[in-house]
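The values are calculated or read from the model by the stated rules, or taken from the named source; none is laboratory data. Note that this is a predicted model, so its numbers are computed, not measured. As a convention, Cβ positions derive from the backbone with ideal geometry for all residues, glycine included, and neighbour counts pool all protein chains shown. In case anyone asks, the SASA skips ligands and DNA or RNA and just uses the protein heavy atoms, side chains included. Shrake-Rupley method; radii C 1.70, N 1.55, O 1.52, S 1.80 Å.
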Amino acid sequence: MKVIELKNVSKIYNPKGIAVQAVNNVSIEFSQGEFTAIVGASGSGKTTLLNIIGGIDTPSSGEVYVNNKQINQLSERKLTEFRRDNIGFIFQQYNLLPVLTATENVEFIMELQGKPKTEREARAKELLIAIGLGEKLNERPSKLSGGQQQRVAVARALAHKPKFVIADEPTANLDSKSTEDLLQMMQELNQKEGVTFIFSTHDQRVVDKAKRVIVFEDGKVKEDYTKNDNEKHKI
Amino acid sequence: MTNKLAWKNIWRNKTRSFVFISAAFLGFAIALFTLNTMKSISQQRLDDAINIQTSYIQIHKKGFIEDKEITFTIPDADNVISKVKSINGVESISKHISSNAVMASPENNIVCEIKGVVPEQENKISVLKDFIIEGEQLNDLQKTPILVSKKTADKLKLKLKSKVVVTLKSANGEITGGTFRVVGIFATPSTPFDEGTAIARYNDLELLSGIKLPHELAIKIADPSKLKEVQSKIQSVLNNEYEVNDWMYLLPELFAFDSFINMIGVLFTVIIILGLGFSLMNTMNMIVQERTKELGMLRAIGQKKWSVFSMLLKEAGLMMSIGASGGILLGVLFVYMSSKHGISISEGLGFLGIRPTIYPKLNPELLGMISIMAIALTLLISAIPARRALKIKPQEALRD
């Protein structure tokens, strides 16, 4: 089932009056339950593409559909609500709120949705226990390792049961063991709960785990293939 | 949780928050204490002047205030008194004969204003009796009694029971004089009043000068806040032959001083508030600057602009609440302690009518004004950096 569809999407930045084409006429689709890695060199436009898919950024031209709803024409307020209710974000530098505990960090997005305290707490604990942080529920991020912080970030991204999760280089700051653990955990969530993951990465280990790989270069999709059946997607 | 988050955010940089909270604490304590003390000085001065010198309203024959002419008496005074008494809000009336006079003792002489009063009436509008430091107040049993100030007594070398000769212009324009006996010596907070005033009985001055009618009617009103209303009612029952003036007209320098004190108080408070405002602005700017990435993340995951804005306002509000409420409590405590023990200030300010010891009172209006200022300052000042936070673009903030 098609979850995300980009049609002829381009993004041009104009820093200091010089036009930079970050995404160049990209058309691409993502289906429910995909585990997709977008790979490419720094500056290839991966993050911009993810931001456009996630509704953080808007394209200069083209159309973005999520569940057949065009999101690039939503008002800023509607787009914020859309992100809150439909997308989970995982950032390279975790970006947890340092003053809140692991549980509170996971609860936060559900609070934004106006969910009741008991429901929030139960869901946060359930997720943190599921990702192996049952002993760290009341620890603040500063007391957690990088890998543990990124796990909390994954739990936060999944807390509100989003339609898909966008992860921008989620393993960039992790050591090998943490990367391995995190990838395994995301794979399990993908397989057991059918969560759609789309992440950008430089990390070959991530690419190795991905079911689908999109190679991005100079703002364009250079290659797009699914590993299991070696099926090439139409570019 | 945004409340909890705002609260916890305050303590992320304890030193910075402590500095701002301390500034607000001290600023509000000092502002509240200073404003109340200044207001109390001004109010005490006003109360003294009104209760000793003029009362709230005075009625004169038109032209008397300018010329002090002894023949400018109030026509049909009994009828005027009767009409004024019936006005709602008028508490009591005292009639005065007022004349410039020369008061002489064997040692010296001075020029002063002598007032003839009916003791029973005067005691209802004046608190001069409370400032008699030797002897007693006027009564009907004494023989040609007079009250003089301590300053006059010292200058003329008078003691209780001393005789003093008062010379003034009579009703027929001739100079007349009589002997009075000192029955009381007073010392009020106002040096000019003490140096220039002596008080005798109405009947004695009437007899001495041949003046049959009073020069002024001093009126005490029940509710000082209705001064203008009562003044207007009095004026409406009298014709144009009479002048009805309030204390602000009769004591212009006092009114100007009160306005000046209020202005200084407001200026002082504005300076403190501006200082606090800059401090708050600086603190909030640093908060937004430091947390740009975090605020971008919050916007990215779905926190609405208004929610980010209100979270920052809450942080500013909490810091201000802690500092201001503590400062206001300390200020109230200072005022309370000072109202019990008094604050000694220079004796030399008597020429301004200021008492040597001030007992500040807590003015609820000032307390309200300070509290409103704290709220308004927080909302206005912190809204500027909070608004800046709304312009943060998540995609840019997260990239940096």
Original post:
Which angle between 0 and 90 degrees, to the nearest 10, do you get for helix B:292-301 versus the longest principal axis of chain B when only C-alpha atoms count?
Top reply: 70 degrees
Original post:
Under a straight-distance cross-link criterion of Cα-Cα below 16 Å, which lysines are reachable from residue A:125, leaving out those fewer than 8 residues away in the same chain?
Top reply: A:115, A:117, A:136, A:161
**OP:** Round to the nearest 10 and give me the degree value, 0 to 90, for the angle of helix B:14-48's Cα axis relative to the longest principal axis of chain B.
**Re:** 10 degrees
**OP:** Just the number, please: buried accessible area between A and B, total of both chains, 1.4 angstrom probe, nearest 100 square angstrom.
**Re:** 2400 Å²
Original post:
Taking the DSSP beta bridges in the protein assembly as shown as the whole, what percent of them are antiparallel, to the nearest 5?
Top reply: 70 percent
**OP:** Quote the FRET efficiency, to the nearest 0.05, computed for residue A:115 versus residue B:270 with a Förster distance R0 of 41 Å and r equal to the Cβ-Cβ distance.
**Re:** 0.35
Subject >> Global geometry of chain A, whether rounded, prolate or oblate, following the gyration tensor of its Cα atoms and the 1.5 cut on a/c >> reply: prolate
Original post:
Angle between the Cα long axis of helix B:305-341 and the longest principal axis of chain B, 0 to 90 degrees, nearest 10?
Top reply: 30 degrees
Original post:
Roughly how many nanometres apart are two label points built 7 Å out from the Cα toward the Cβ at residue B:175 and residue A:145?
Top reply: 11.2 nm
Subject >> Solvent-accessible area lost in complex, 40 Å² minimum, residues of the stretch A:57-77 relative to chain alone, 1.4 Å >> reply: A:76
Subject >> Solvent-accessible ranking of B:281, B:311, largest area first, probe 1.4 Å >> reply: B:281, B:311
**OP:** Just list whichever of A:11/B:304; B:39/B:124; B:115/B:212; A:163/A:227; B:129/B:220; A:177/A:209 have alpha carbons separated by over 18 Å in the model shown.
**Re:** A:11/B:304; B:39/B:124; A:163/A:227
Original post:
Hey, any idea what % of the stretch B:63-239's accessible area is carbon plus sulfur with a 1.4 Å probe?
Top reply: 49 percent
Original post:
To the nearest 500 deg cm²/dmol, what mean residue ellipticity at 222 nm is calculated for the protein assembly as shown from DSSP H runs of n ≥ 4 alone, each contributing -39,500 (n - 2.57), summed and divided by the residues?
Top reply: -15000 deg cm²/dmol
Original post:
Tell me, how many Å apart are the Cα centres for the stretch B:364-382 and for the stretch A:88-129?
Top reply: 36 Å
**OP:** Using a 1.4 angstrom probe, figure out how much accessible area the protein assembly as shown has per residue, in square angstrom, rounded to the nearest whole.
**Re:** 46 Å²
Subject >> Ratio of the Cα radius of gyration of the stretch B:63-239 to 2.2 N^0.38 Å, where N counts its residues >> reply: 1.05
**OP:** Compute the distance in nm between two label points, each set 7 Å from the Cα along the Cα-to-Cβ direction, one at residue B:3 and one at residue B:371.
**Re:** 1.9 nm
Original post:
By the scheme Lys and Arg +1, Asp and Glu -1, what is the net charge of all other residues having a beta-carbon under 11 Å from that of residue A:90?
Top reply: 0
**OP:** Using a 1.4 Å probe on the heavy atoms of the protein chains only, list every residue of the stretch B:1-28 that has 50 Å² or more less accessible area in the complete assembly than in its chain alone.
**Re:** B:1, B:5, B:8
Subject >> Local electrostatic count at residue B:304 - Lys and Arg +1, Asp and Glu -1, tallied over other residues with Cβ under 13 Å >> reply: +2
Subject >> Reduction of at least 10 Å² in accessible surface, 1.4 Å probe, comparing all protein chains with the chain by itself, residues of the stretch B:302-329 >> reply: B:302, B:303, B:304, B:305
Original post:
If each of residue B:363 and residue B:240 carries a label point 7 Å out from its Cα toward its Cβ, how far apart are those two points in nm?
Top reply: 3.9 nm
Subject >> Rounded to 5, percent antiparallel among DSSP beta bridges of the stretch B:63-239 >> reply: 75 percent
Original post:
Other chains' Cβ within 10 Å of A:95-104 residues: what's the mean?
Top reply: 4
Subject >> Whether chain B is rounded, prolate or oblate, judged on the alpha carbon gyration tensor where a/c under 1.5 counts as rounded >> reply: prolate
Original post:
Between residue A:163 and residue B:380, what FRET efficiency follows from the Cβ-Cβ distance if R0 is 41 Å, with the result rounded to 0.05?
Top reply: 0.50
Subject >> Heavy-atom accessible surface of the stretch A:75-204: percent carbon and sulfur, 1.4 Å >> reply: 44 percent
Subject >> Rounded to 5, the percent of DSSP beta bridges in chain A classed as antiparallel >> reply: 55 percent
Subject >> Centroid-to-centroid separation of the stretch B:129-180 and the stretch B:287-324 [C-alpha atoms, Å] >> reply: 74 Å
Original post:
So what does residue A:46 come to for accessible area, using a 1.4 Å probe and Å² rounded to 10?
Top reply: 10 Å²
Subject >> Cα-derived Rg over Rh, computed across the protein assembly as shown with Rh taken as Kirkwood radius >> reply: 1.33
**OP:** Pull out a ≥ b ≥ c, the square roots of the eigenvalues of the alpha-carbon gyration tensor of the stretch B:154-229, then state rounded if a/c is under 1.5, prolate if not and a/b is larger than b/c, and oblate in the remaining case.
**Re:** oblate
